Structures are given as C-alpha cells and as structure tokens.
1. Any idea what the relative contact order of the chain is, in percent, if you count C-alpha pairs under 8 Å spaced at least 6 apart?
2. If you place +1 on the Cβ of every Lys and Arg, -1 on the Cβ of every Asp and Glu, and leave all else neutral, what size is the dipole of the range 21-452 about its Cα centre, to the nearest 20 Debye?
3. Which listed residue (Leu237, Ile23, Leu289) has the Cα farthest towards the positive end of the charge dipole for the chain, taking +1 on Lys and Arg C-beta and -1 on Asp and Glu C-beta about the Cα centre?
4. Please work out whether the range 83-187 counts as rounded, prolate or oblate from its C-alpha gyration tensor, where a ≥ b ≥ c are the square roots of the eigenvalues and a/c under 1.5 means rounded, while otherwise a/b larger than b/c means prolate and anything else oblate?
5. The range 26-90: Rg/Rh from Cα coordinates, Kirkwood Rh?
6. Let me make sure I get this right: for the range 353-440, a, b and c are the square roots of the gyration tensor eigenvalues over alpha carbons, sorted descending. Under 1.5 in a/c it's rounded, otherwise prolate if a/b > b/c, else oblate. Which is it?
7. If each DSSP helix of 4+ residues adds -39,500 (n - 2.57) and the sum is divided by the residues in the chain, what number results at 222 nm, nearest 500 deg cm²/dmol?
8. Quick one: Phe346, Phe207, Phe260, fewest Cβ neighbours within 10 Å first, how do they rank?
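Read-outs: derived from the displayed coordinates by stated rules, not from any lab. Given the structure is predicted, the values throughout are model-derived calculations rather than measurements. We place every Cβ from the backbone using ideal geometry, glycine too, and count neighbours over all the protein chains shown.
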Amino acid sequence: MAAPTHGQVTAAAPAPLPTGRGIELLLLAFSAVLVTGALVLVEANQEQELTSSLLWVGLAYLALFTVAHAAVRRFAPYADPLILPCVALLNGLGLVMIHRLDLAYAAKAVASGDVVPTEAIPRQVAWTTVGIVLFIAVLWLVRDHRTLARYGYTAGFVGLILLALPGLLPSSITEVNGAKIWLRLGVFSIQPGEFAKILLIVFFAAFLVQKRELFTTAGRRVLGMEFPRPRDLAPLLLAWGLSVGVLVLESDLGTSLLFFGIVLVLLYAATERVSWLIIGLTFFVAGALAAYQLFGHVRVRVQVWLDPFADPSGAGYQIVQALFGLGTGGVGGTGLGAGRPDIVPFANSDFMLSSLGEELGLIGLAAILVVYLVLITRGLRSALAVRDSFGKLLATGLAFALALQVFIVVGGVSKLIPLTGMTLPFLSYGGSSLVGNYALVAVLLRVSNAARAPLPRRPATPAVPLAEAGTELVERPT
C-alpha cells in the first residue's frame, strides 16, 4: 500500500455502532430458562411427573422467539434490545399459567365425572405463531415508519369501521358476556377493536403533526394557562363522541376508556399544554356521570366496585374470588401449580392477574409489573430519541396504549377502579389481543430502529494541500 503523499489528510473510519442484538439474544435465552423452569414446576406440582406437553410447548416457544430474533436482526438491526425479551418473557409466563389452568380444569372434570374440557394451550401457541408471523410481516413491509403518515386518513377510516362494526351487527355474532366486541364466523372469532387501536393511533399521530399549528394557537388565558379556542376542540370532541358511542353500542367500558385516554395523551404530547388535559378530564367526568345515569350495565359495574361483598355469590362473585386469590397468595405466593386459581371465573383471560398473584405472590406480581414498566419505558425512550415528530407521537401513543391497558386491568382486578373486562397484554389467553399487540410491538421496534440507527454519512471531500488550494476574490462592501 502506498504511503500518503505530502499534504494529504487521512481519517480513520469510525467504529460501527453496537446494534444490541447480542444483548437481546442473551436476554431471550434467560427468558427461555425462566419459562422452562416454570413449566417444570407446574408439571411437578400438578402431575407429579413431566409430560410431553413440557417438551412441545418448550420447543415451540424456543422456535418462535428464535425466528422473531432473527427477523429483528435482519429487518431492524438497531432496534431497542430490551423490547423483544420483555415481550417474550410475558408471553412465556402466560403460556405457563394457561397450561397450569388446563391441568386444573382437567383434574376437576375427572374428579366430578364430567367431560374433560378442551385445552387452551394449543390454541394460545397457535395464536402466538400467528402473532409472530404478523410481527415479521410488519417489520418487513414497514421499512420506514414515516411512510405510515402518508396513509393516516386511510388508517383512521379503516380503524373507525373496525371499531364500530361489532356494535352495528346482530348480537348473535358479536356479543359475548354482555359486550358486543367480537366478530364470530363459525369457529373463528376476532376482536376488531384490537387492530382499530393501532390504526387510530397512526391516524391521530399523522393528524396532529399535520395540524400542529392549529392546536398550539393561543386562545383564551385563564389562571395562567392557555386554553384552546372553541373551534379547535373538534378532535377531542370527536374522540369523546366515539368513546361514548363504543360504550353505548358495544357495552365495552374498557375500550372506551382506552381510546379516549390515548387521544388525550397524544394531544398533550403534541402541544405540551396542560389545558388539553384539563378539558379532556372534564369531558371524561361528564361522560362518566351521564353513562352511570343512563346505562344499567355501567351502574352494575360501579356498584360492584364500591361493594363487591354486597352480592358475593352473584354480581360480585368474580371480583370477590379474585381478591381472595390475591389474599391467599400473600407476599411469596403458594407456588406454581400449588394454588387454586381455577376457582375464579375467566382465570386465564380477564382474571389472569389474580391467578398469577395467588401462585407468585406480591413479589411475583411486582416482578411482572417491572417487566411491563421496562417495556413501556423503552418505548417512550424511543419516542424521545427518534428525530421526526410523527415518530415521536406514534411511539408515544403505542407505548401509552400498553401502559393504560395494564393500568385498567390491574386496577380492575385489585378493585382500584371498576372492572372493565380487558386482558393483560401478552399474558392473558386470547388471540385478538395477542396478535394485535405483536403488530403494535413491531411498529414500536421500527421507530426504535430509526431512533438508534446511525445517521447516513456524507461523502468525504478529498483533502487539498494548502499550497495547491485555490483562491477566491471577495469584494469588500464599502
């Protein structure tokens, strides 16, 4: 190699930025060890032996998240290395508890001479597979999250259709346990609202970026705060109206609260004005009071929340049993496979938190909530780090959707707020929630990849020796 001539400047190539994929792989392996150990404990306590279920569930879990890691390494190499391991651990613990409840339901049926119910774990593994496939498809199709802003209005239109569809169709194909949130076609059923949530976040993020000046325009100043002009309240009024519409048509308190909360937070994130929060909370209180007076199912939920022991064997049975389960678990829990979480109705879906709390105790629940906290915090960190306004609002909306859903479920099961019937993301049994949340995480990883990826380097200009540098005449102003 020839030595550089006199006057030439050579610059060393910058070291490549770490992608974090090695850390992600290590954390995924740690998650696999925890999940495998939990499966062994469940089978040892329930069956007193290890069955073939341990083998195929464990192998399916390993295969699925190996493929998911390879997809992130290929399509989003700079994405946050903690997001996928958190999802994997939550999903794995959910599979463990669903398998544990299957064993309990089977033992109860055998003891009473009834027909053994169909196991839920094969279906949940199948839904996890579908979720991973959609996760990979989103990473592959959405190479740049900013392209989603071009389809903001289309996403909003489709999201509104999906959100309203169950409420407009006959109850025979949409209603389950009093809530019209399903579409049932034979053996196939889905909750369109889980996918509408993502589409509406895309729409509001694109809309707020496009109309940001409208929402930051100074209005009337009251008590030191700038309140928006009345004609600028249309998006908040629209969100409020849609939330009330969902509550009326579909009897779904959880989705109504989730949707309105997401829009309110996005408005605050886009404008940084506390007045939007005050106005939104005022609308929320007014809507809640009106719903309590007008709708019987809302009154029942509130009355059960205030005093579930007034009817412990009727309307308050679920929450009473859930509270007893949490109390039985105490600080350390009864141990995986050693409790009685199957006594609580919907123990593997709506009341998954009480099932985990009974067998893992306060320590185990705190650890699970910390995993959720890490997942949500890393999503918000991506929102802060990404360079474009649309990406900031998109990641904020996606991360807050997970945070609010966790709060609604934990608050409902622990009697902090009225019970809504929502499920814990990635933990609870259910296909629509699981698949929809995998699509949500894929978009979040795409934003994270853009935030952490190195900026494209400009081509370096060759250095010119000072003696050969050209001169330029500059006219001095008189």
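1. Relative contact order here is 22 percent.
2. For this selection, approximately 1740 debye.
3. Leu237
4. Taking the square roots of the gyration eigenvalues as a ≥ b ≥ c, the range 83-187 is oblate.
5. Reported Rg/Rh (Cα atoms, Kirkwood Rh): 1.08.
6. It comes out prolate by the Cα gyration axes.
7. The helix contribution divided over the chain gives -22000 deg cm²/dmol.
8. In order of increasing Cβ crowding within 10 Å: Phe346, Phe207, Phe260.
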